[in-house]
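S.K.: Sharing a structure below in structure tokens format, with a few things to ask.
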Amino acid sequence: MTHTRVLIVGSGPAGLTAAIYTARAQLSPLVIEGEPSSTTDQPGGQLMLTTDIENFPGFPEALTGPELMARMREQAARFGAELRVSKVQRLDVTSRPFRAWLTDDEEPSVTADAVILATGARSLMMGVPGEERLLSHGLSTCATCDGFFFRGHDIAVVGGGDSALEEALFLTRFASSVTVVHRRDALRASKIMQERAFANEKITFAWNSQVLEVLGEDRVNGLRLRDTVSGEERTLAVTGVFVAIGHIPNTTLVAGSVELEENGYVRTGLGSFTSVEGLFAAGDVQDHVYRQAITSAGSGCVAAIDAERWLEAQGL
Amino acid sequence: MSDKITTLTDATFDEVVRSSDKPLLVDFWAEWCGPCKMIAPILEELADEQAEKFAIGKLDVDSNVATATKYSVMSIPTLLLFKDGEVVARLVGAKPKGALLQEITANL
């Protein structure tokens, strides 16, 4: 069993920024990064599945998500943060020191004076018939991983936010046509992304369209849609479907022991303080409004400073 | 890359699969695929540790589209386990080492 003053759970921009700051404050943080996966639940977090990042200050020439995360990780390691590719299976924040389990053992693997929860959020699935069956048979949640296989295909992207448009634009490199399927008549995405999407001749929009079913036996061959205004149903013939409809926070580890917002995100008051003393939250697990790499990194810094001052006040 | 891992191409694929005296695990990957990079070191380790039980090959889908299409690979990383020239298991997506090994071993 290891004892650490600061345990950081998660290694997206929030977790790694918290690691850089607490490491520089000589708190020798331990970061439990997560495990390899093809979802956002992996070391580096959601940015591992993105392409170019053009809005992170200091990188005018843009860089890829995985590159940015590799740099943050290197920076955290340079100042002495211990980084472990492993997953926290269970976390007990009901008494201090907090306890974390990385295995199924009865004994906790780590005890910690303070915990910074930076577990992020994951993509929502549509929850319609056909979706699970056709996942990786034409239905994908990762455009950067799978876009290549849709060279010359007519495909659909479901969603209306920045991530949906980013995927749609990326997929035009391969696909013959990309239909953005959105349940409303206007996009949530930022102006610049909207302008780019509207200007791309491969992209068309299916407005007011709700997905009822993903069609196809062993391969996607269409989407069954309902017009939310007229109620009419129709089939959109596509051989690929990418889902980008939003996110839910990864709060399983603290379910029942910390106060959540009504929408399920961890409630933070001033700064990164949660309802549990010594437990701090940063990044997308507590932010459903901004959800940017830079705001997430910023909140990781906030959590590091909060944790440092709190530990000092406790004499820990 | 571990010298135990064989690089496969459209041209060599069938021959290597057919002539493998052990079960052969083929990693369909590409340079631009983040999750593929994440499991690459795991496969290197497995190539050394499990050399007695199975062999490992890698196929870059970018330059070997025909084989990827033939095996209906539409998502990477995809790992196909071949036994006597036939696909006996299909693992899609990056996973931790323990989980990968468990699924491979169960199908050997």
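S.K.: Looking only at residues in the range A:93-130 that are surrounded by 19 or more Cβ atoms within 10 Å (Cβ to Cβ) and closer than 30 Å to residue B:72 by Cβ, which one is farthest from the other protein chains (Cβ to nearest Cβ)?
M.R.: Of everything passing the filter in the range A:93-130, A:126 is farthest from the other protein chains (Cβ to nearest Cβ).
S.K.: In the range A:122-171, what count of residues is obtained for those that are touching a Lys or Arg at 6+ places or on another chain (Cβ under 6 Å) and among the basic types (Lys, Arg)?
M.R.: The qualifying residues number 0.
S.K.: Is it true that residue B:46 is buried (at least 20 other Cβ atoms within 10 Å of the Cβ) and of a type outside the set (Phe, Trp, Tyr)? Talk me through it step by step, then tell me what you get.
M.R.: Working: buried (at least 20 other Cβ atoms within 10 Å of the Cβ): yes; of a type outside the set (Phe, Trp, Tyr): yes.
Against the criterion (buried (at least 20 other Cβ atoms within 10 Å of the Cβ) and of a type outside the set (Phe, Trp, Tyr)), residue B:46 qualifies.
S.K.: Follow-up. Taking the residues in the range B:60-76 that are closer than 15 Å to residue B:11 by Cα and in contact with a helix residue (DSSP H, G or I) (Cβ under 6 Å, 6 or more places away or on another chain) as candidates, determine which candidate is nearest to the other protein chains (Cβ to nearest Cβ).
M.R.: Taking the candidates together, the pick is B:61.
S.K.: For the range A:10-21, indicate whether the set of residues that are within 14 Å of chain B (Cβ to nearest Cβ) and part of a loop (DSSP other than H, G, I, E, B) is non-empty. Spell out the reasoning first.
M.R.: Kept after step one, since they are within 14 Å of chain B (Cβ to nearest Cβ), are these residues of the range A:10-21: A:11-12.
Now drop any that are not part of a loop (DSSP other than H, G, I, E, B), which leaves A:11-12.
Yes, that holds for at least one residue.
S.K.: Looking only at residues that are farther than 17 Å from residue B:95 by Cα and among the charged types (D, E, K, R) in the range B:31-57, which one is nearest to the other protein chains (Cβ to nearest Cβ)? First the steps, then the outcome.
M.R.: Of the residues in the range B:31-57, the ones farther than 17 Å from residue B:95 by Cα are B:31-32, B:48-55, B:57.
Then drop every residue that is not among the charged types (D, E, K, R), which leaves B:31, B:48-49, B:52-53.
Working: B:31: 11, B:48: 18, B:49: 17, B:52: 24, B:53: 21 Å.
It comes out as B:31.
S.K.: Please work out which residue is surrounded by the fewest Cβ atoms within 10 Å (Cβ to Cβ), limiting yourself to the range A:49-92 and to residues that are among the aromatic types (Phe, Trp, Tyr) and in contact with a Leu (Cβ under 9 Å, 6 or more places away or on another chain). Before you say what the answer is, go through the steps one by one.
M.R.: Here is the first cut: in the range A:49-92, the residues among the aromatic types (Phe, Trp, Tyr) are A:56, A:59, A:79.
Add one more test, that the residue is in contact with a Leu (Cβ under 9 Å, 6 or more places away or on another chain), and what stays is A:56, A:59.
On the way: A:56: 17, A:59: 14.
My answer is A:59.
S.K.: Evaluate the range A:234-242: report whether one residue or more is farther than 26 Å from residue A:7 by Cα and under 20 Å from the mean Cα position of the chain (by Cα).
M.R.: Just the residues of the range A:234-242 that are farther than 26 Å from residue A:7 by Cα, to begin with: A:234-242.
Among the residues that remain, those that are also under 20 Å from the mean Cα position of the chain (by Cα) are: A:241-242.
There is at least one residue in the range A:234-242 that is farther than 26 Å from residue A:7 by Cα and under 20 Å from the mean Cα position of the chain (by Cα).
S.K.: Hey, another quick one. Please specify each residue of the range A:39-63 satisfying the condition of being more than 10 Å from every other protein chain (Cβ to nearest Cβ), in contact with a helix residue (DSSP H, G or I) (Cβ under 9 Å, 6 or more places away or on another chain) and hydrophobic (A, V, I, L, M, F, W, C).
M.R.: Answer for the range A:39-63, where residues must be more than 10 Å from every other protein chain (Cβ to nearest Cβ), in contact with a helix residue (DSSP H, G or I) (Cβ under 9 Å, 6 or more places away or on another chain) and hydrophobic (A, V, I, L, M, F, W, C): A:53, A:56, A:59, A:63.
S.K.: Mind checking which residues of the range A:149-174 are out of contact with any strand residue (DSSP E or B) (no Cβ under 6 Å at 6 or more places or on another chain) and farther than 23 Å from residue A:217 by Cβ?
M.R.: Initial filter on the range A:149-174 (out of contact with any strand residue (DSSP E or B) (no Cβ under 6 Å at 6 or more places or on another chain)): A:149, A:151-152, A:159-163, A:165-166, A:169-170, A:173-174.
Scanning the range A:149-174 gives A:159, A:160, A:161, A:162, A:163, A:165, A:166, A:169, A:170, A:173, A:174.
S.K.: Just to be sure I understand, how many residues within the range B:71-95 are part of a loop (DSSP other than H, G, I, E, B), touching a residue at least 12 places away in the same chain (Cβ under 8 Å) and farther than 21 Å from residue A:153 by Cβ?
M.R.: Selection size over the range B:71-95: 3.
S.K.: May I pose another question? Might you let me know whether the range B:7-16 holds any residue that is among the charged types (D, E, K, R) and either within 12 Å of another protein chain (Cβ to nearest Cβ) or under 19 Å from residue B:92 (Cα atoms) (or both)? So that I can check it myself, show each step before the final result.
M.R.: Start the filter on the range B:7-16 by keeping residues that are among the charged types (D, E, K, R), which leaves B:10, B:14-15.
Still in the running and either within 12 Å of another protein chain (Cβ to nearest Cβ) or under 19 Å from residue B:92 (Cα atoms) (or both): none.
No, the conditions are met nowhere in the range B:7-16.
S.K.: Here is a follow-up. Checking residue B:89 against (1) under 29 Å from residue A:68 (Cβ atoms); (2) among the small types (Gly, Ala, Ser); (3) surrounded by 14 or more Cβ atoms within 10 Å (Cβ to Cβ), which single condition isn't satisfied?
M.R.: The number of the failed condition is (1).
S.K.: Residue A:29: in contact with a helix residue (DSSP H, G or I) (Cβ under 6 Å, 6 or more places away or on another chain) and away from every other protein chain (no Cβ under 14 Å), yes or no?
M.R.: Numbers: in contact with a helix residue (DSSP H, G or I) (Cβ under 6 Å, 6 or more places away or on another chain): yes; away from every other protein chain (no Cβ under 14 Å): yes.
In short, yes.
S.K.: To continue, here is another question. Free of Cβ contacts under 8 Å to residues at least 40 places away in the same chain and basic (Lys, Arg) - does that describe any residue in the range B:37-44?
M.R.: Among the residues of the range B:37-44, at least one is free of Cβ contacts under 8 Å to residues at least 40 places away in the same chain and basic (Lys, Arg), which makes the answer yes.
S.K.: Suppose the filter is without any contact (Cβ under 8 Å) to a residue 12 or more places away in the chain and under 30 Å from residue A:4 (Cα atoms); does residue A:105 pass it? Working first, answer last.
M.R.: Values: without any contact (Cβ under 8 Å) to a residue 12 or more places away in the chain: yes; under 30 Å from residue A:4 (Cα atoms): yes.
So residue A:105 passes the test.
Here's the yes/no breakdown for (1) free of Cβ contacts under 8 Å to residues at least 24 places away in the same chain; (2) more than 19 Å from residue A:49 (Cβ to Cβ); (3) more than 27 Å from the chain's Cα centre (by Cα):
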position	(1), (2), (3)
A:158	no, no, no
A:166	no, no, no
A:203	no, yes, no
A:218	no, yes, yes
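S.K.: If we scan the range A:178-196, do we find a residue that is over 26 Å from residue B:33 (Cα atoms), at pLDDT 95 or above and either among the hydroxyl-bearing types (Ser, Thr, Tyr) or crowded, with 22+ Cβ neighbours inside 10 Å (or both)?
M.R.: Yes: one or more hits.
S.K.: Within the range A:263-316, count every residue that is outside any strand (DSSP E or B), touching a residue at least 40 places away in the same chain (Cβ under 8 Å) and among the hydrophobic types (A, V, I, L, M, F, W, C).
M.R.: 14
The values are calculated or read from the model by the stated rules, or taken from the named source; none is laboratory data. This is a predicted model, so every value here is computed, not measured. Note: ideal-geometry Cβ built from the backbone for every residue, glycine included; neighbour counts use all protein chains shown.
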